[in-house]
Amino acid sequence: MDFVASHILSVTQFERVDIDSVFSVADRMEPYAHRRRVTRVLEGAILGNMFFEPSTRTRVSFGCAFNLLGGEVRETSEIKASAIAKGESFYDTARVLSGYSDIIVMRHELAGSVAEFAEASRVPVVNGGDGANEHPSQALLDLYTIRKELMGRSKGIDRLRIALVGDLRYGRAVHSLCKLLTLYEDIHFTLISPPELQLPENYVQEMQQRGHEVTISDQLESSIGHADILYLTRTQEERFPSQEEADRYRGLFRMNQTIYTEFCEPNTVIMHPLPRDSRGDAGELDNDLNENPNLAIFRQTDNGVLIRMALFALILDVVDKVDSHSREVSWNINRRF
Amino acid sequence: MDFVASHILSVTQFERVDIDSVFSVADRMEPYAHRRRVTRVLEGAILGNMFFEPSTRTRVSFGCAFNLLGGEVRETSEIKASAIAKGESFYDTARVLSGYSDIIVMRHELAGSVAEFAEASRVPVVNGGDGANEHPSQALLDLYTIRKELMGRSKGIDRLRIALVGDLRYGRAVHSLCKLLTLYEDIHFTLISPPELQLPENYVQEMQQRGHEVTISDQLESSIGHADILYLTRTQEERFPSQEEADRYRGLFRMNQTIYTEFCEPNTVIMHPLPRDSRGDAGELDNDLNENPNLAIFRQTDNGVLIRMALFALILDVVDKVDSHSREVSWNINRRF
Amino acid sequence: MDFVASHILSVTQFERVDIDSVFSVADRMEPYAHRRRVTRVLEGAILGNMFFEPSTRTRVSFGCAFNLLGGEVRETSEIKASAIAKGESFYDTARVLSGYSDIIVMRHELAGSVAEFAEASRVPVVNGGDGANEHPSQALLDLYTIRKELMGRSKGIDRLRIALVGDLRYGRAVHSLCKLLTLYEDIHFTLISPPELQLPENYVQEMQQRGHEVTISDQLESSIGHADILYLTRTQEERFPSQEEADRYRGLFRMNQTIYTEFCEPNTVIMHPLPRDSRGDAGELDNDLNENPNLAIFRQTDNGVLIRMALFALILDVVDKVDSHSREVSWNINRRF
């Protein structure tokens, strides 16, 4: 895949070699994201950060990634005031907005909307989430996190043992991560969910056809013993027909320090696409794990910045100029933790 | 008119020579808007982009124009949370906000609000639309588009033949464009609308007093044969007393490739202030014209960035410094179309 | 207090010497805020301007202050779309967002929320207002204004005579200002309010314990004769149990030019934390005082930018680099007033 000037719409665009490219550029972004140096390589470039479905953290993460490369961000955070709400087509919106910026990130609740938008856009478009369909930068940051966490243990993604827990039916993050993982070798997937919220059959079939091992379970404790990675999810309440139906699955799988100690191998990495529901009855991932060094959930969101910087640098073809446009940091960077 | 440090509130501020100034500066902004070069002339300057009535595209267009000159943008996109909603006067809002930025763009649904705000502001104010009243940068970009489109045909704005179609009563864009056009010579206006939505009489009188030819019609097909420019509009539904009344005019005038081919001269330019309603029953400007090279609607919005850059450069008096603060573009600018 | 990398959560963090530091840095920010020079000292730094409770002017003021130092701003302006609304804890929100920016300003309607957020944040956090609790930069800008206004009269804050008028029970700005003032010597506080809206008893006790003089009154005209500073407030309607109850106090204390002339000493400075309610029946501060040179309300908001620049410069430890990263202004800075 040639990243230069291309759209990023779906994880299906990526082969292993493409993922390797993104990850290797992401690694090179660390000094800038961690503030050991500042780069101004995109000074003068403009990102159109078009969130027609609200999402504070994903929007801010993309915006900060662009700022960290030296570019400017113009943005919108909801659809209400937009021309789309007055009956404008994605074609028109894309033709207009792509005259304003050098690259666009778009999020919209309608599956397929971003691809339709990208077809008419005159600048590259990155899918920031199109409803139940795709959110490719989330899948890439999840996989990048898995790679980084296991690297410290001298393991790679091949032969990974991963347990995916919770709402596997509606969870877009899980679907996209599974698609990427099938590109690797000998993965052991353990799919833990209530029967009604199982991973759709086509994902399971593709896993098996590619030679991966798949175990399906509706019991958490007995199924997580051999996992390298425990990938927990919240119930995607907004995708359910009714709140009542969503509530039936609330608090069904609970992970906390006691369960972790009893049932997991030492050093099992805990991941979650966030936000986690911290209200008492949810319990999908208890706060008593916050000090557990294997809790990787905030390293995940940190990695999101690196992945998004890498995508921008690849698409705008500045990877090899990032360092030459860099300089020392002028302010105090003592982080508190 | 002296642009330096002045407010831009109304098209009535502009004489022909002023319009020429804006257009000539807009021409000089093209290398920056089209990313052949980057300028940082306004590095350190701040635009207060104060949209108390939401409008994603106009807000983003102004913001990008300021970013393209190297400046920063702070903004608001709605009135709900503003002090105005708590009973604060425009005087107070202006005194406060004008202490924060170097120049302000303001939009508010109330006619006259921006002028009232400007009177109290300590920095220059550009009217980004005050209800049914004025939206001067829209009129300037429309006229600039007309000039550019006809230039390719060795025609100027004098002796232009323009057909204005649709809701001519409530369309702010049409009113302001008409005011500007009357400054030129021997225009032939063809005003096509339902009788209830005709252009207000005072505009027609001014056109005639200045020696322009005016034809009034309620038939589209028979009236567009000799137009250089076909300027279509959507019904300003939000200005009607009721949705029911607005709906009576929905789909009344339809323009599509078949009608264009049969009734227009070849190369008649099609314009529209956007957004166009692309839902099936509206049909004011059919998608089958999207590939017609005479469809200028997206060149219009692109020109909006040039016009807004020109206004900022004139008001902040940096026109002659834009090039000397410029440099090469560091990223890939291969646009896809 | 060591400002470097520290949170600013409450006025109780400040001793007199700390306030002196902030004010002395604020003084040094004037050339940049008044556009005599531009500094780029924070070029490449990112402020996370997280307003989970809307407040256009405070948000824009913080954002502009950061821009004036050369930094970038990523922001949110409401809670609706945030993960907090989906049950995410402040701990999680802080861990995530603090991976995106170099410093965070946070506002949230819940008292104590910002401190809870700061505890989990990996970057310094400035309290932009946490409900009825604290808004430290407002108190600092008020005190800075008092100092500046009196300086022209060769007076300092010690031995100040200040009349505080209106809703002293719920007014967060008044509470924080009183706390700061008690750090000085021999202040004479005149507290003018309806009996039901008196300053909470603990504030009065602390004033008296520290040797200040306190006069309590429910009459405006007879109590303001010897004040250096008249600090008026609006009724905090949103903090009352019902609108009906809030309305009982509407228009109770009126200040206008006639009352000022008759009852105040010449040159009594008028302050107000804004917004003031300019609808007819409120009358807390009449527009006929707008041209009175002792009306300091817009100098207050201007000073807010200086104070916020000072806080950012102190926390990020760039105070001594601001000038060395500066240059001339490239655009026209003729303000109109």
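Just one of the numbered conditions (1) without any contact (Cβ under 8 Å) to a residue 60 or more places away in the chain; (2) more than 12 Å from chain C (Cβ to nearest Cβ) is not true of residue A:30: (1). The numbered conditions (1) among the charged types (D, E, K, R); (2) surrounded by fewer than 15 Cβ atoms within 10 Å (Cβ to Cβ); (3) over 18 Å from residue A:164 (Cα atoms); (4) out of contact with any Phe, Trp or Tyr (no Cβ under 6 Å at 6 or more places or on another chain) are all true for residue A:265 except (3).
Each row is one residue, and each column tells you yes or no for (1) in contact with a Phe, Trp or Tyr (Cβ under 7 Å, 6 or more places away or on another chain); (2) within 14 Å of chain A (Cβ to nearest Cβ).
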{"site": "B:239", "(1), (2)": "yes, yes"}
{"site": "B:244", "(1), (2)": "no, no"}
{"site": "B:272", "(1), (2)": "no, yes"}
{"site": "B:276", "(1), (2)": "no, yes"}
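Has segment C:22-43 got any residue that is part of a helix (DSSP H, G or I) and more than 20 Å from residue C:318 (Cβ to Cβ)? No - not one qualifying residue is present in segment C:22-43.
Being touching a Phe, Trp or Tyr at 6+ places or on another chain (Cβ under 6 Å) and within 7 Å of another protein chain (Cβ to nearest Cβ) is the filter; apply it to segment C:311-335 and report the residue that is surrounded by the most Cβ atoms within 10 Å (Cβ to Cβ). Only one residue tops the list, namely C:316.
Residue check: is residue B:173 modelled with pLDDT under 95, touching a helix residue (DSSP H, G or I) at 6+ places or on another chain (Cβ under 6 Å) and within 20 Å of residue B:58 (Cβ to Cβ)?
So residue B:173 passes the test.
For segment A:79-93, the count of residues that are more than 14 Å from chain C (Cβ to nearest Cβ), part of a helix (DSSP H, G or I) and within 25 Å of the chain's Cα centre (by Cα) is nonzero. Could we say that residue A:44 is more than 14 Å from residue A:326 (Cα to Cα) and at the interface with another protein chain (Cβ under 8 Å from one of its Cβ atoms) here? Considered against the rule, which asks whether it is more than 14 Å from residue A:326 (Cα to Cα) and at the interface with another protein chain (Cβ under 8 Å from one of its Cβ atoms), residue A:44 comes out as yes. What is the number of the single condition among (1) crowded, with 20+ Cβ neighbours inside 10 Å; (2) in contact with a Leu (Cβ under 9 Å, 6 or more places away or on another chain); (3) touching a residue at least 24 places away in the same chain (Cβ under 8 Å) that residue A:97 does not meet? Failing condition for residue A:97: (2). A count restricted to segment B:95-121 and to residues that are small (Gly, Ala, Ser) and either touching a Cys at 6+ places or on another chain (Cβ under 8 Å) or facing another protein chain (nearest Cβ under 10 Å) (or both) stands at 6.
Based on what the data block shows, is residue C:39 of a type in the set (Val, Ile, Thr), closer than 18 Å to residue C:311 by Cβ and in the same structural domain as residue C:312 (by TED's automatic domain parsing)? Taking the combined requirement at face value, the residue satisfies it.
Taking (1) under 24 Å from the mean Cα position of the chain (by Cα); (2) modelled with pLDDT under 95; (3) surrounded by 13 or more Cβ atoms within 10 Å (Cβ to Cβ); (4) not aromatic (Phe, Trp, Tyr) in turn, residue C:207 satisfies each apart from (2). Among the candidates C:233, C:301, the residue that is hydroxyl-bearing (Ser, Thr, Tyr), within 25 Å of residue B:100 (Cα to Cα) and at pLDDT below 95 is uniquely C:233.
Look at residue A:20 and say whether it is farther than 30 Å from residue A:276 by Cα and away from chain C (no Cβ under 13 Å). Reasoning before the result, please.
Working: farther than 30 Å from residue A:276 by Cα: no; away from chain C (no Cβ under 13 Å): yes.
The answer is no for residue A:20.
Just so you know, in segment B:60-78 the residues that are among the aliphatic types (A, V, I, L, M) and under 14 Å from residue A:75 (Cβ atoms) include one that is nearest to the other protein chains (Cβ to nearest Cβ), and it is B:60.
Residue A:131 satisfies every condition listed in (1) modelled with pLDDT of 95 or more; (2) in contact with a His (Cβ under 9 Å, 6 or more places away or on another chain) except (1). The requirement of being within 30 Å of residue C:84 (Cα to Cα) and either buried (at least 19 other Cβ atoms within 10 Å of the Cβ) or in contact (Cβ under 8 Å) with a residue 12 or more places away in the chain (or both) is satisfied by residue C:111.
Just to verify a result, which residue in segment C:1-20, among those that are polar (S, T, N, Q) and assigned to a loop (DSSP other than H, G, I, E, B), is farthest from residue C:141 (Cα to Cα)? Step through it out loud before you land on a result.
Here is the first cut: in segment C:1-20, the ones polar (S, T, N, Q) are C:6, C:10, C:12-13.
From the residues that got through so far, the ones that are assigned to a loop (DSSP other than H, G, I, E, B) too are C:6, C:10.
Details: C:6: 19, C:10: 14 Å.
Within segment C:1-20, the match that is farthest from residue C:141 (Cα to Cα) is C:6.
Annotation: residue B:63 fulfils all but one of (1) in contact with a helix residue (DSSP H, G or I) (Cβ under 6 Å, 6 or more places away or on another chain); (2) in a helix (DSSP H, G or I); the unmet one is (1). The residue that is surrounded by the fewest Cβ atoms within 10 Å (Cβ to Cβ), counting only those in segment C:244-258 that are hydrophobic (A, V, I, L, M, F, W, C) and either farther than 22 Å from residue C:198 by Cβ or touching a residue at least 40 places away in the same chain (Cβ under 8 Å) (or both), is C:252. Checking the stated criteria, residue A:57 turns out to be at the interface with chain C (Cβ under 8 Å from one of its Cβ atoms), basic (Lys, Arg), on the phi < 0 side of the Ramachandran plot and buried (at least 20 other Cβ atoms within 10 Å of the Cβ).
Within segment C:27-47, can one find any residue that is basic (Lys, Arg), at pLDDT 95 or above and within 30 Å of residue A:235 (Cβ to Cβ)? For segment C:27-47, residues basic (Lys, Arg), at pLDDT 95 or above and within 30 Å of residue A:235 (Cβ to Cβ): absent. The single condition among (1) in contact with a strand residue (DSSP E or B) (Cβ under 6 Å, 6 or more places away or on another chain); (2) under 20 Å from residue B:331 (Cβ atoms) that residue A:76 does not satisfy is (2).
The values are calculated or read from the model by the stated rules, or taken from the named source; none is laboratory data. Note that the coordinates shown come from a computational prediction; the quantities given were computed from them, not determined experimentally. So basically every Cβ, Gly included, is an ideal-geometry build from the backbone, and we count neighbours across all protein chains shown.
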